[in-house]
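Quick note: the coordinates plus some simple rules give every number you see, no bench work behind them. Everything quoted here is computed from the prediction, not taken from an experiment. As a convention, Cβ positions derive from the backbone with ideal geometry for all residues, glycine included, and neighbour counts pool all protein chains shown.
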């Protein structure tokens, strides 16, 4: 008659196999994920935002200057 429960050795063997599988799979997804350091990522967006605002501000100043020149004439 076969035992319904695994023996201590069978449990140990199963745990070791599961641990080996877990260790082999550890970090498998890391090769698919590419992360940029946070500082570089934030700096890029800040630079883009600043450049956009400077361009918009420059255009507003030019328009104001043109309007002032038209009023003077």
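Summary of computed values
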| quantity | calculated |
| --- | --- |
| Ranking of 13, 31 by count of other Cβ atoms within 10 Å, fewest first | 31, 13 |
| Residue exposure sequence - 32, 26 - by fewest surrounding Cβ within 10 Å | 32, 26 |
| Residue order, fewest to most surrounding Cβ atoms within 10 angstrom, among 15, 35 | 35, 15 |
